[in-house]
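Enquirer: The structure that follows is given in the form of structure tokens.
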Amino acid sequence: MNPFKRSPFVIISTVLVYIFLYAPIVVLVLYSFNSSRVNITFEGFIPTFSERVVMDGSTVVSSPCGPFHWFCDLSKNREVMSAAKNTLTIAFIATIVSTIIGTMAAIALQRYDFRLKSFSQLSLYVPIVIPEIVMGIGILTLISQVFGWVNTTFALSGDARLSMGLFTVTISHIAFMVPFVTLVVQARLQGFDKSFEEAAMDLGANEWTTFRRVTFPMILPGVLSGALLAFTLSLDDFVITFFTNGPGSTTLPIYVYGLLRRIITPQVNALSTVWILIVFTVVLLLQIVQSREQSKS
Amino acid sequence: MTSEFAVELRDVVKRFVTPEGNEIAAVDHVTMQIKNGEFFSMLGSSGCGKTTSLRMIAGFEWTTEGEVYIEGNPMGHTPPFQRKVNTVFQSYALFQHMTVFQNIAFGLEMEGAKEDEIKQRVGRALEMVQLTGMERRKPKQLSGGQQQRVAVARALVKTPDVLLLDEPLGALDLKLRKEMQLELKALQQQLGITFIYVTHDQEEALTMSDRIAVMSNGRVQQIGTPVEIYERPSNKFVADFIGESNFLDGQIKSLSKDEAQVFIPALNTELRGIPISQGLVKGEDVVVSIRPEKIRITEKNAKNDNFFKAKVTNTVYIGADTHVYTESQGVKIKVLEQNHISRLDTSSFYTVGQEVGLVLMPENTLVLKKV
């Protein structure tokens with residue numbers, strides 16, 4: 001038996017880690033059911049259902065949604081809904097594009113020897129270690145320069161003028177997500193024996209068929225985890241999005257930040273709770289799929 | 001079949017550039033001709049160029065110089081999927097995400113075979129390697145020996161002209177390996193396909209092959225039948241690599257048409273009537289090679305040609321044989337005696353320190369060029 005298993009040190013540190021990691025989440029979720037509009041003290045759950053919202057000062061006494069009052073409130077908030085739509089749109093497109101580019105880069109770096117290979121490898125780490133704010137400013141400067149030049153050169157005016165928006169946020173997300181995808185896929189490729197591809201070619205498959213039938217299915221788990229990482233990075237990115245968004249491209253993190261500067265209502269908590277629920281579900285599903293795969297083979 | 005040779009390597013060189021920027025020749029001017037229907041082995045220790053040669057035949061590597069011919073056609077830069085050869089990989093390289101059936105069917109699908117035909121041919125291939133009923137298993141659910149059979153079936157189902165095998169039995173335990181050796185050999189004879197077999201295990205090569213190419217440092221040292229390379233090694237490397245040999249430095253005293261008298265300075269003895277195989281000149285420094293099992297131990301005072309005295313330094317009993325280590329004037333000579341008779345009485349064995357006479361029978365001795 002492992003002597004560390006029952007040592008008080010292990011138990012205490014475990015408990016502390018769990019408190020630091022999960023207590024904020026528990027509090028956050030709890031407050032999304034708060035009956036008080038003022039999001040500072042917890043005054044208990046909203047007890048009853050009624051036809052209309054009844055307030056007593058800043059306290060909600062009853063609501064058509066009962067304890068889920070703030071969630072209903074949230075769903076009626078057009079700004080939130082549009083921010084959620086933006087966030088998901090950006091995350092989906094950026095994930096697909098960055099996964100494709102990142103996977104191709106990983107395969108190229110694994111398989112071929114070319115000039116400046118180690119430079120290319122190194123340049124992948126730069127966007128990861130560089131402070132995000134520096135990258136945000138960099139992307140902003142670049143895009144505004146390019147857009148400014150295009151707008152004056154082609155004398156664009158009105159709606160035709162290039163400006164910050166969904167497009168700029170999406171491409172900046174792709175730019176910072178590609179290195180993450182590449183590194184994750186590369187890790188998977190490291191253990192990939194070249195003889196699988198050779199065997200496929202030996203049996204009559206050309207390069208493309210070999211990739212489609214053998215290489216890709218075998219590295220798919222790596223590609224999926226790269227894509228998932230990219231997706232979560234995009235979902236909660238604040239700094240780069242802050243610099244590159246424009247009218248109509250507000251994402252959830254940007255929206256929440258704006259909300260906090262005005263008033264803190266339990267709507268924010270309700271929003272976070274939904275968010276956490278979605279992330280947990282995705283991670284759980286992935287776990288189930290992966291453990292099924294493992295038990296199959 | 002247009003050519004006498006299934007595969008031919010003509011003066012093939014393969015150079016690699018090491019990460020440090022040095023150029024090394026993994027295969028160095030190799031020429032070999034492999035006949036149709038032959039079981040041909042490339043034998044050598046790791047780094048001798050045998051696997052690289054095989055990979056050039058398969059098309060995974062291209063030659064730097066020289067040319068590979070398959071059925072008389074120069075291969076040039078023909079990709080693997082257009083060569084009528086198939087490979088059994090050392091690691092088997094079975095597709096983990098496919099079932100046994102899908103693995104074997106893969107090559108047929110690439111040919112565009114119809115579903116019925118695929119089913120039938122995969123079934124026959126599985127029968128051939130005695131794996132009927134395993135169609136729906138995944139490779140990871142099979143034992144090492146079974147995976148090996150799937151790899152063989154996957155390659156053979158394509159009915160190639162030549163089957164290339166890269167140390168296919170390396171991962172199996174000894175007993176299974178011996179079984180598979182005989183099975184593969186039987187399969188080869190039954191199908192009449194040319195097998196090119198890469199191995200570092202000389203016993204394996206001797207057991208299975210019609211002919212063997214002994215390789216070292218990217219060069220072919222000798223090509224011959226198992227008997228030829230064991231009994232008539234063409235140089236010291238082969239004599240040393242295949243089986244065991246005692247080597248005595250000597251000098252040619254006199255030469256006749258097919259015999260030589262060799263003086264061994266260390267023993268101060270002249271060995272007479274030794275058969276010679278290649279162009280040697282009188283006075284040339286040579287190496288006399290003799291196998292341990294071909295030396296006879298006699299009385300220390302026997303009168304014999306090619307006789308000298310030695311002292312026993314150690315004996316090792318290993319069941320079928322006894323290894324007798326002797327020394328004569330600083331020259332160590334190993335003798336292998338078969339234990340013909342069953343006995344428990346070890347007093348009749350040679351004892352350490354005992355003086356004996358050794359007879360090198362000339363017909364069992366070889367003169368090899370030094371180097």
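Values quoted throughout were computed directly from the atomic coordinates according to the rules given, and no laboratory measurement underlies them. Because the structure is a prediction, the values reported are computed rather than measured. FYI the Cβ positions are ideal-geometry reconstructions off the backbone, even for glycines, and counts take in every protein chain you see.
Enquirer: Provide the FRET efficiency to the nearest 0.05 for the A:A160-A:R261 pair, computing r from the beta carbons and using R0 = 22 Å. Working shown, then result.
Expert: Working: r = 33 Å, r/R0 = 1.51.
Once the sixth-power term is evaluated, E becomes 0.10.
Enquirer: Tell me the label-point distance for the pair B:K119, A:V38, using the 7 Å Cα-to-Cβ offset, in nm and rounded to one decimal.
Expert: 7.8
Enquirer: Using DSSP to define loop residues, name the trypsin sites (Lys or Arg not before Pro) in the stretch A:99-159 whose beta-carbon has at most 16 other beta-carbon atoms within 10 Å. All intermediate terms of the calculation are to be shown ahead of the outcome.
Expert: Values: sites: A:R111, A:R115, A:K117; in loops: A:R115.
Of the trypsin sites (Lys or Arg not before Pro), the ones in loops of the stretch A:99-159 whose Cβ has at most 16 other Cβ atoms within 10 Å are A:R115.
Enquirer: Can you tell me the order of B:227-234, A:179-186 when each peptide is scored by its average per-residue count of other Cβ atoms within 10 angstrom, highest first? Working shown, then result.
Expert: Values: B:227-234: 17.8, A:179-186: 22.6.
Highest mean packing first, the order is A:179-186, B:227-234.
Enquirer: In chain A, which helices (entire DSSP H runs) extend 18 Å or more along their own long axis, judged by Cα positions, while averaging at least -1.0 on the Kyte-Doolittle scale?
Expert: Values: long enough: A:8-31 (33 Å, 2.38); A:78-111 (49 Å, 0.98); A:117-129 (19 Å, 0.82); A:132-153 (31 Å, 1.25); A:166-190 (35 Å, 1.44); A:216-235 (27 Å, 1.81); A:266-296 (45 Å, 0.86).
Within chain A the helices that satisfy the rule are A:8-31, A:78-111, A:117-129, A:132-153, A:166-190, A:216-235, A:266-296.
Enquirer: Give the cysteines in the protein assembly as shown for which no other Cys Cβ lies under 4.7 Å away, or write none if there are none.
Expert: B:C48
Enquirer: Can you pull out the GluC sites (Glu not before Pro) in the stretch B:280-317 whose DSSP state is coil and whose Cβ has at most 14 other Cβ atoms within 10 Å? If you can, show how the numbers build up before the last one.
Expert: On the way: sites: B:E284, B:E293, B:E299; in loops: B:E284, B:E299.
In loop regions of the stretch B:280-317 (DSSP not H, G, I, E or B), the sparsely surrounded GluC sites (Glu not before Pro) are B:E299.
Enquirer: Please state the relative contact order of the stretch A:8-72 as a whole percent: Cα pairs under 8 Å, 6+ residues apart? Intermediate results must be reported in sequence, preceding the final value.
Expert: Numbers: 83 pairs, mean separation 16.0, N = 65.
That works out to 25 percent.
Enquirer: Over the stretch B:244-369, what is the relative contact order in percent, taking alpha-carbon pairs closer than 8 angstrom and at least six residues apart? Walk me through the numbers on the way to the answer.
Expert: Numbers: 283 pairs, mean separation 38.7, N = 126.
After rounding, I find 31 percent.
Enquirer: If you add up the charges near B:E355, with Lys and Arg at +1 and Asp and Glu at -1, over every other residue whose beta carbon is less than 13 angstrom from its beta carbon, what do you get?
Expert: On the way: positive: B:K300, B:K309, B:K311; negative: B:E299, B:E327.
Combined, the nearby Lys, Arg, Asp and Glu give +1.
Enquirer: I would also like to ask the following. Just to verify a number: FRET efficiency for B:S46 and A:V239, C-beta to C-beta distance, R0 = 35 Å, to 0.05? Write down the numbers at each step before the final one.
Expert: On the way: r = 53 Å, r/R0 = 1.51.
The value I calculate is 0.10.
Enquirer: Using Cα-Cα distances under 8 Å and only pairs 6 or more residues apart, what relative contact order does chain A have, in percent?
Expert: Working: 316 pairs, mean separation 78.4, N = 297.
Reported as a whole number, the value is 26 percent.
Enquirer: Then there's this: Cut-off 10 angstrom, C-alpha nodes, Gaussian network model of chain B. Which of B:D249, B:D201, B:D258 fluctuates the most?
Expert: Judging by the Gaussian network model, the answer is B:D258.
Enquirer: Just to confirm a number: summing +1 for Lys and Arg and -1 for Asp and Glu over residues other than A:A205 whose beta-carbon lies under 10 angstrom from that of A:A205, what do you get?
Expert: Working: positive: A:R212, A:R213; negative: A:E197, A:D202, A:E207, B:E109.
Value of the local net charge: -2.
Enquirer: For A:F176, what charge total do you get from the other residues with a beta carbon under 12 Å from its beta carbon, if Lys and Arg give +1 and Asp and Glu give -1? Please report the intermediate quantities before stating the final value.
Expert: Numbers: positive: none; negative: A:E132, A:D237.
Cβ neighbours under 12 Å give a net charge of -2.
Enquirer: Something else: Kindly work out what percent of the DSSP beta bridges joining two residues of chain B are antiparallel, to the nearest 5. If you can, show how the numbers build up before the last one.
Expert: Details: 64 of 82 bridges.
Antiparallel bridges: around 80 percent, rounded to the nearest 5.
Enquirer: Going 7 Å from the Cα of B:T207 toward and past its Cβ, which residues in the stretch B:217-236 have a backbone nitrogen under 20 Å from where you end up?
Expert: Backbone N within reach: B:225-231.
Enquirer: For B:D285 paired with B:E244, estimate the spin-label separation in nm (one decimal), with each label point 7 Å from Cα along the Cα-to-Cβ line.
Expert: About 2.7 nm separates the two model spin labels.
Enquirer: What does the C-alpha gyration tensor say about the overall shape of chain A? Classify as rounded when a/c is under 1.5, otherwise prolate if a/b is larger than b/c, or oblate. Please report the intermediate quantities before stating the final value.
Expert: Details: a/c = 2.22, a/b = 1.34, b/c = 1.65.
Taking the square roots of the gyration eigenvalues as a ≥ b ≥ c, chain A is oblate.
Enquirer: Which whole number gives the average count of other chain Cβ atoms within 10 Å of the Cβ atoms across peptide A:192-199? Numbers along the way, then the final one.
Expert: Working: counts 0, 3, 3, 8, 8, 3, 8, 16.
Across the residues of A:192-199, the mean count of other-chain Cβ atoms within 10 Å is 6.
Enquirer: Then there's this: Let me test this: with uniform point scatterers at the alpha carbons of the stretch A:8-72, what is the Debye-based log₁₀ I(q)/I(0) at q = 0.21 1/Å?
Expert: Each listed q corresponds, in turn, to -0.77.
Enquirer: Going through the stretch A:1-84, which trypsin sites (Lys or Arg not before Pro) have at most 14 other Cβ atoms within 10 Å and a DSSP loop state?
Expert: Values: sites: A:K5, A:R6, A:R37, A:R52, A:K76, A:R78; in loops: A:K5, A:R6, A:R37, A:R52, A:K76.
Counting only loop positions with at most 14 other Cβ atoms within 10 Å, the trypsin sites (Lys or Arg not before Pro) in the stretch A:1-84 are A:K5, A:R6, A:R52, A:K76.
Enquirer: Once R0 is set to 56 Å, what does the formula 1/(1 + (r/R0)^6) return for the Cβ-Cβ distance between B:N314 and A:F211, expressed as a FRET efficiency to the nearest 0.05?
Expert: Working: r = 60 Å, r/R0 = 1.08.
So, using R0 = 56 Å, E works out to roughly 0.40.
Enquirer: Report, in deg cm²/dmol and to the nearest 500, the calculated mean residue ellipticity at 222 nm for chain A, where each DSSP H run with n ≥ 4 adds -39500 (n - 2.57) and the sum is divided by the residue count. Before the final figure, lay out each step's value.
Expert: Details: 12 runs with 206 residues, N = 297.
Counting only the DSSP helices, I get -23500 deg cm²/dmol.
Enquirer: Counting only residues 5 or more places away or on other chains, whose amide H sits under 5 Å from the amide H of B:T87 once H atoms are built in the peptide plane?
Expert: B:L164
Enquirer: To the nearest 500 deg cm²/dmol, what mean residue ellipticity at 222 nm is calculated for chain B from DSSP H runs of n ≥ 4 alone, each contributing -39,500 (n - 2.57), summed and divided by the residues? Intermediate results must be reported in sequence, preceding the final value.
Expert: Working: 8 runs with 85 residues, N = 371.
The helix-only estimate for chain B comes to -7000 deg cm²/dmol at 222 nm.
Enquirer: Starting from the Cα of A:V29, step 7 Å toward the Cβ, then list every residue of the stretch A:245-280 with an amide N under 16 Å from that point.
Expert: Once the point is set 7 Å along Cα→Cβ of A:V29, A:269-280 turn out to lie under 16 Å by backbone N, inside the stretch A:245-280.
Enquirer: If the convex hull of the alpha-carbon atoms of the stretch B:136-273 is projected onto planes in all directions, what is the mean projected area in square nanometres?
Expert: Values: hull surface 48.9 nm².
Average of the hull's projected areas for the stretch B:136-273 equals 12.2 nm².
Enquirer: Rounded, prolate or oblate for the stretch B:106-167? Axes are the square roots of the Cα gyration tensor eigenvalues, ordered a ≥ b ≥ c, and the cut-off for rounded is a/c under 1.5.
Expert: Numbers: a/c = 1.90, a/b = 1.19, b/c = 1.59.
Oblate, since a/c reaches 1.5 and b/c is not below a/b.
Enquirer: Given that compact globular proteins tend to follow 2.2 N^0.38 Å, what is the ratio of the alpha-carbon Rg of chain B to that value? Kindly include the intermediate steps, with their values, before the conclusion.
Expert: On the way: Rg = 25.1 Å, N = 371, 2.2 N^0.38 = 20.8 Å.
Cα-based Rg divided by the globular estimate yields 1.21.
Enquirer: Under a plain spin-label model, where a point goes 7 Å from the Cα along Cα-to-Cβ, how far apart in nm are A:E79 and A:L284?
Expert: Here the answer is 3.2 nm between the modelled labels.
Enquirer: For the stretch B:1-63, what does the alpha-carbon gyration tensor say about shape, rounded, prolate or oblate, given a ≥ b ≥ c as the root eigenvalues, a/c under 1.5 as rounded, and a/b over b/c as prolate? It would help to have the intermediate numbers written out before the result.
Expert: On the way: a/c = 2.68, a/b = 2.03, b/c = 1.32.
Note, shape of the stretch B:1-63 comes out prolate.
Enquirer: Could you list the residues of the stretch B:284-313 with an amide nitrogen less than 18 Å from a label point located 7 Å from the Cα of B:Q338 in the Cα-to-C-beta direction?
Expert: B:291-298
Enquirer: Which residue fluctuates most in the GNM of chain B (Cα springs below 10 Å): B:A151, B:A113, B:A239?
Expert: For chain B, modelled as a Gaussian network with Cα springs under 10 Å, the answer is B:A113.
Enquirer: Would you kindly compute the Cα radius of gyration of the protein assembly as shown and its largest Cα-Cα separation (Dmax), both in Å?
Expert: For the protein assembly as shown, the Cα-based Rg and Dmax read 38.2, 128 Å.
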